[in-house]
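All remarks here apply to the structure that follows.
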Number of protein chains: 2
Amino acid sequence: MFDFTGTYTDQYQLAMGQVYFQKKQQDNKATFDYFFRKLPFEGGYAVFAGLETILEVLKDFRFSEKDIDFLKNQGFGLDYLEYLKDFRFTGDIYSVPEGEIVFPTEPIVRIEANIIEAQIIETFLLNILNFQTLIATKASRMMLQAKGRKLIDFGLRRAQGPGGYYASRAAVIGGFEATSNTRAGRDFDIPVSGTMAHSFIQSYDDELTAFRDFAEIHPHNSVLLVDTYNTLKSGIPNAIIVGKEMEARGQKLTGIRLDSGDLAYLARVSRKMLDDAGLEYVKIAVSNQLDEHLIKSLFDQEAPIDIFGVGTSLVTGNPDAALDGVYKLAFFDGKPRIKLSETIQKVTLPHKKQVYRIFDEEGNFSGADVITLVDETEISTMHHPFDPLKFLSLEGRTKEPMLKKIMENGKRIFEERSLEEISTYAKERLQKLAPEYKRFFNPHIYKVGISETLRNERDKILQEHKMN
Amino acid sequence: MFDFTGTYTDQYQLAMGQVYFQKKQQDNKATFDYFFRKLPFEGGYAVFAGLETILEVLKDFRFSEKDIDFLKNQGFGLDYLEYLKDFRFTGDIYSVPEGEIVFPTEPIVRIEANIIEAQIIETFLLNILNFQTLIATKASRMMLQAKGRKLIDFGLRRAQGPGGYYASRAAVIGGFEATSNTRAGRDFDIPVSGTMAHSFIQSYDDELTAFRDFAEIHPHNSVLLVDTYNTLKSGIPNAIIVGKEMEARGQKLTGIRLDSGDLAYLARVSRKMLDDAGLEYVKIAVSNQLDEHLIKSLFDQEAPIDIFGVGTSLVTGNPDAALDGVYKLAFFDGKPRIKLSETIQKVTLPHKKQVYRIFDEEGNFSGADVITLVDETEISTMHHPFDPLKFLSLEGRTKEPMLKKIMENGKRIFEERSLEEISTYAKERLQKLAPEYKRFFNPHIYKVGISETLRNERDKILQEHKMN
C-alpha cells in the first residue's frame, strides 16, 4: 500500500495546526462530521466504503523523519515540530458500518479529537472515503443491472494511478466478485481472474495454436479471447476445436471472451455456435468500455452473457469522478459551531450528532433517516432541514442508531471485518431498501431530516450570527 | 510512494507468462507500442507525463516474497515461480521526452524486451502514463486559460485515493505552480501552499480574532479565507483591519481567498474595497469547483483574480476520468504483428517504429507527425493512415525523431530530469504549437500520418490475414 505518513495532508492543516499549537489550543477537543451533499450517478443511494482503510492508516499514522525535515525547511516552528514528532491520533471515531447504505447530508463518520489531530487526518480521511464510497456505489449500480451474473474488475490499467488498488477493494463492497488486479487480490483476499490478451494471440502465427497452448497450460481456467482476427469466422470455430479437444482429454473449456464489435449480436451467435457443438457449459464473458447503462442494454436485448469484465467506468467512477464528501466542524471548545453560506443548503449542522434510521414493520428501511443531537432520546418528529412546512411523525416507529463508536482514545474498539463480511453486509442492507430507491432512472428520494431539537438549536445559532 | 511490486499487474499477464515460460519463449523478444487513440477534453493536444515515475518504478520492480507466496497459492508452477523470483526488467525502452506535446495514434513509448517482461510491466506502465498524461493535459488547458495567473492544486481530498499523489506531480508538468499536497511537495520538490480552512474561523468566537491570530503566527504567508460568515460585510472588512494592523507592524498581508458565491462579482467588489483601503498589494485567490471553463469565464468577465485554487476537476481529469492509452504488440519472434478489427481505425500498426515531427522554417511544429519504420531514412511523403487519397509531401522539410532510447538492457541511459525541467520543457514545446491547435473550442486537428513504407507493410500483412 501507499505509505501514508504525516505529510499525506493538505498544507493548510499544518499551518492551522501551528496557530493552535502556539495559541495553546492543542488539547482543545473538536467534533467534525464527514458527510456528502449529492448522490453520484443520479442514483438513489450510496454504499459507504473505505472505513477499514482509514483504521489501517490511522494505526501507524506518524510524521517520518523525512516529513519533519521537510517541514523544518518549510519554516515551521521547532517547538511545533517537536509536537509533530510525537504525533499520533488519540481521539474517538464514530461511524456507520462499512457497506452501509447512506444518503446525502447525514453524518457518516464523526471525529472527536483535539483540534490539531482532527485537522491533520482530514485530508486522507476525505481522500479515502470519498473515493471508495464513489466506487462501491458505482459497482453496486452495475451489480443491480447484472442481475446475478458475475462481475469482474478489469480496471487497473485505466485507473487513476495507485487509486486502482483501492478501487478494486471498493468494487467488491459494491458487488463485484473478482478482479484482474493481482495486488488487490493478494492484499484484500479478492478472487483474481485473468487469462489472455490480444498480444498473446498475435504472438503466435495462428490463433488455433495460441488457444491450444493456453488450454494445455491452464486446463482449469481457460477463457479464450476470440476477437483478435474475426470472432465468428475464426475465434469461435477455433475455440470450439479446442473445447472439443479438451473434452477428449476429460477437461472443460471455461469460457470465451468477446472484447469488440456488437456484443449483444456476437454473444447470441456465439452462444448458438457453442451450444450446437455441445459446449453448453462454456461461459460467455464480455468486456469493452462497459458501464451500468451498457450492461442494462445487453440484458434488455436478452444477450446470453455470463460474465462482465468492467474497467474504466468502474475504477474511475466515470462520469462523476469524485464524491463531494466534506468534513465540517460542528463542536469546539464546549460550543456548537456552524458555517454559514448564502445558500441555505450549505449551512452546516452544529453540535455532536447521531443519525437514526427508521424501519417499517417488516424490518425494512422506511425511507427516512433523522439527524439528532447525540443525547436525544425522545425523537417524535422529523423535520425537513430547510422547509418548515415539511415534517413527519415518528411516533411508534422503530429507530436504529447509525453511528457507532469504533475508535476510543486512538484505539480501535470495533472488531476488524473482512472484505467479504463488508460486502455481505452491503448486500443485506441493500435488500432492505425498497425498489423505488434502486430504480435505474429517476429514483425516489430517500428522506433525510433533522429532529426538532437540532432544528431549534441550529436556528438559534443562525439567529445569533445574524445579530452580529 | 506506493510499493510497486510484481503483483502490481493484471493476472492475465502472469497467466500468459506461464504459457510463454513453459513453451520456452521467455527469451523471445517482443516490441510493444504505447499510444492513445483519442485526445481528452475535446482538446487539440496532450502533454505526455509519467515517464520518470515509470523509470523509478522499473528500477526496483521485483516480485516480493509475499507476491511469490500468493502466486503459489494461485496455482502457478514452481519452475515459473523460480523464474519470477529472479525477475527484473532487462529490456530497452524508447520514449518521447516527458513533457512532450503528443497526439493520437503515434507511438509515445516503445518497449523492446523479452515477451514475459514486456507483458508484466504493461499494467503499471498504462496505469501510470494514462493517468499522469491525462492530468498534465488537463492542467495545461487550465494554464492556457489562466493567462499567467498562478494556479495551485487543491485536489488531494477529492482525488482517487493515492492517485492524488501523482496528480499533483502531473499538474506541475501541465503548468501548475504549487500544491496543497504536502507529501507531493516533499517528494517532487513542488512549492506547497496552504493557509486556512473554514473550520479555523469557526473554531473562534469571532472572525477577526481568527484572522489576527493567523497573521500573527504566519506573518509571511497569510491568505485569509473571507466567506465563512459574510464575505463583503464581515470577511473583507476584517481582512482590511488585519491588513492595516500588519502594515503598522511593517508586515504585509499576502491575500484573501473567496470560496463561495459569485466569484466574479465578489472578486471585483473585494478588489475595490482592498484598494480603497490602500491594500493594492493584497492578492485575491479564488477556489470552489473551478475548471478551465470557469477560469475562462472569470477572465471573460474581467474578474481581478491573482490565484486560482483548483481541486476535483484537476486531479480527477473530470469529465474524462481516463486517457484511453493502450499497449500493443508490433513485433515478435522476428516478425511484424498486427491486431485486426472490424473498425479500420483500431487495426494496429505492425513493426518497430519511429515517429518524426515536421518543423516549419521558424522551428515551430508544422502540424504533422509521421510514423515510420524504425530504420527508414528517406521519408518523402506522409499518408493518412486509412484514406488513400490524403497524403502530404515532406520533401525538404525538417524532421526530428521523437522516440529516443532511454533504457538499455534494463539500465537507464537517459539522464534524470527534475520536475521543474520537465515542466519547462512542456512549456517550451507548447510554444512551438500554433494557436489554432490550442484553441479552447473545436481546435484544429494535428495530422498524424504514416510513411509509405509502413503503409505498404501494414497493407501487405492485412492482405495475408484476409487470405487465411
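Taking the stretch B:206-221 as the search range and keeping residues that are of a type in the set (Asp, Glu) and under 19 Å from A:Lys335 (Cβ atoms), which one is nearest to the other protein chains (Cβ to nearest Cβ)? The selected residue is B:Asp213. Residues that are more than 9 Å from chain A (Cβ to nearest Cβ), over 30 Å from B:Ile358 (Cα atoms) and either of a type outside the set (S, T, N, Q) or assigned to a strand (DSSP E or B) (or both) within the stretch B:87-122 comprise B:Phe87, B:Arg88, B:Phe89, B:Asn114, B:Ile116, B:Glu117, B:Ile120, B:Ile121, listed in sequence order. Considering the stretch A:157-205 alone, what residues qualify as being at pLDDT below 95 and among the charged types (D, E, K, R)? Listed by number, the list holds a single entry, A:Asp205.
I'd like the full set of residues that are outside any loop (DSSP other than H, G, I, E, B) and either outside the structural domain of A:Glu292 (by TED's automatic domain parsing) or small (Gly, Ala, Ser) (or both), limited to the stretch A:173-200. A:Gly174, A:Ala178, A:Ala184, A:Gly185, A:Ser199 - these are the residues of the stretch A:173-200 that are outside any loop (DSSP other than H, G, I, E, B) and either outside the structural domain of A:Glu292 (by TED's automatic domain parsing) or small (Gly, Ala, Ser) (or both). What residue, among those in the stretch A:325-355 that are closer than 30 Å to A:Arg397 by Cβ and part of a loop (DSSP other than H, G, I, E, B), is modelled with the lowest pLDDT? Going through the qualifying residues, I end up with A:Val347. Among the residues of the stretch B:322-332, none qualifies, meaning not one is in contact with a strand residue (DSSP E or B) (Cβ under 9 Å, 6 or more places away or on another chain) and farther than 30 Å from B:Ile121 by Cα.
Selection of the stretch A:149-164 for residues being at the interface with chain B (Cβ under 7 Å from one of its Cβ atoms) and not in a loop (DSSP other than H, G, I, E, B) yields A:Leu156, A:Arg157, A:Arg158, A:Gly163, A:Gly164.
Let me spell it out: the conditions are (1) assigned by TED's automatic domain parsing to the domain that holds B:Lys427; (2) buried (at least 24 other Cβ atoms within 10 Å of the Cβ); (3) among the hydrophobic types (A, V, I, L, M, F, W, C), and B:Ala170 meets all of them except one. Which number is the exception? (1) is the only condition that B:Ala170 fails. Inside the stretch B:268-316, can you point out the residues that are within 14 Å of chain A (Cβ to nearest Cβ), part of a loop (DSSP other than H, G, I, E, B) and small (Gly, Ala, Ser)? The answer is B:Ser287, B:Gly311. Of all the residues in the stretch B:10-23, those that are part of a loop (DSSP other than H, G, I, E, B) and more than 7 Å from chain A (Cβ to nearest Cβ) number 0. Checked against the criterion of being surrounded by fewer than 20 Cβ atoms within 10 Å (Cβ to Cβ), in contact (Cβ under 8 Å) with a residue 60 or more places away in the chain and over 14 Å from A:Arg141 (Cβ atoms), the stretch A:293-301 has no qualifying residue. Considering the stretch B:61-94, the residues that are within 16 Å of B:Gln11 (Cα to Cα) and of a type in the set (Asp, Glu) include one that is surrounded by the most Cβ atoms within 10 Å (Cβ to Cβ), namely B:Asp67. In the stretch A:444-468, the residues that are more than 17 Å from A:Ala368 (Cα to Cα) reach residues that are of a type in the set (Gly, Ala, Ser) with C-beta atoms within less than 9 angstrom, at least six apart or across chains, in these pairs: A:Asn468/B:Ser234. Spot the failing condition for B:Gln251; the list is (1) part of a loop (DSSP other than H, G, I, E, B); (2) within 17 Å of B:Ile305 (Cβ to Cβ), and only one is missed. B:Gln251 satisfies every listed condition except (2).
Out of contact with any Gly (no Cβ under 6 Å at 6 or more places or on another chain), closer than 30 Å to A:Phe87 by Cβ, assigned to a strand (DSSP E or B) and not polar (S, T, N, Q), is that true of A:Ile358? Answer is no for this residue. If you check A:Ser234, A:Ser193, A:Ser203 for being at the interface with chain B (Cβ under 9 Å from one of its Cβ atoms), on the phi < 0 side of the Ramachandran plot, touching a residue at least 40 places away in the same chain (Cβ under 8 Å) and of a type in the set (S, T, N, Q), only one passes: A:Ser193. Only one entry of A:Thr53, A:Thr31, A:Thr7 meets the criterion of being crowded, with 23+ Cβ neighbours inside 10 Å, within 11 Å of another protein chain (Cβ to nearest Cβ) and in a helix (DSSP H, G or I), and that entry is A:Thr53.
Condition check: more than 20 Å from the chain's Cα centre (by Cα), surrounded by fewer than 13 Cβ atoms within 10 Å (Cβ to Cβ) and not in a helix (DSSP H, G or I). Does B:Glu464 satisfy that? Here the answer is no, as B:Glu464 does not meet what is asked. Within the stretch B:341-354, is there a residue that is more than 30 Å from B:Ala434 (Cβ to Cβ), in contact (Cβ under 8 Å) with a residue 60 or more places away in the chain, in contact with a helix residue (DSSP H, G or I) (Cβ under 7 Å, 6 or more places away or on another chain) and surrounded by 22 or more Cβ atoms within 10 Å (Cβ to Cβ)? Yes - at least one qualifying residue is present in the stretch B:341-354.
With respect to A:Pro319, determine if the residue is under 24 Å from the mean Cα position of the chain (by Cα), within 14 Å of another protein chain (Cβ to nearest Cβ) and either crowded, with 21+ Cβ neighbours inside 10 Å or assigned to a loop (DSSP other than H, G, I, E, B) (or both). Yes; evaluated as a whole, the condition is true for this residue. Which residues, counting only those in the stretch A:83-116, are touching a helix residue (DSSP H, G or I) at 6+ places or on another chain (Cβ under 9 Å) and without any contact (Cβ under 8 Å) to a residue 40 or more places away in the chain? Passing the criteria: only A:Lys85. Name the residues in the stretch A:360-373 that are free of Cβ contacts under 8 Å to residues at least 60 places away in the same chain and either buried (at least 20 other Cβ atoms within 10 Å of the Cβ) or in contact with an Asp or Glu (Cβ under 7 Å, 6 or more places away or on another chain) (or both), would you? Answer for the stretch A:360-373, where residues must be free of Cβ contacts under 8 Å to residues at least 60 places away in the same chain and either buried (at least 20 other Cβ atoms within 10 Å of the Cβ) or in contact with an Asp or Glu (Cβ under 7 Å, 6 or more places away or on another chain) (or both): just A:Ser366.
Here the condition is being assigned to a helix (DSSP H, G or I), surrounded by fewer than 22 Cβ atoms within 10 Å (Cβ to Cβ) and either assigned by TED's automatic domain parsing to the domain that holds B:Ile54 or among the hydrophobic types (A, V, I, L, M, F, W, C) (or both); of B:Leu144, B:Leu134, B:Leu129, B:Leu125, it holds for B:Leu144 alone.
You will find that of A:Asp189, A:Asp153, A:Asp205, the residue that is surrounded by fewer than 24 Cβ atoms within 10 Å (Cβ to Cβ) and in contact with a strand residue (DSSP E or B) (Cβ under 9 Å, 6 or more places away or on another chain) is A:Asp205 and no other.
The values are calculated or read from the model by the stated rules, or taken from the named source; none is laboratory data. Quick caveat: nothing in here was measured; it's all calculated off a predicted structure. Because the Cβ atoms are built from the backbone with ideal geometry, glycine has one as well, and the counts that use them run over all protein chains shown.
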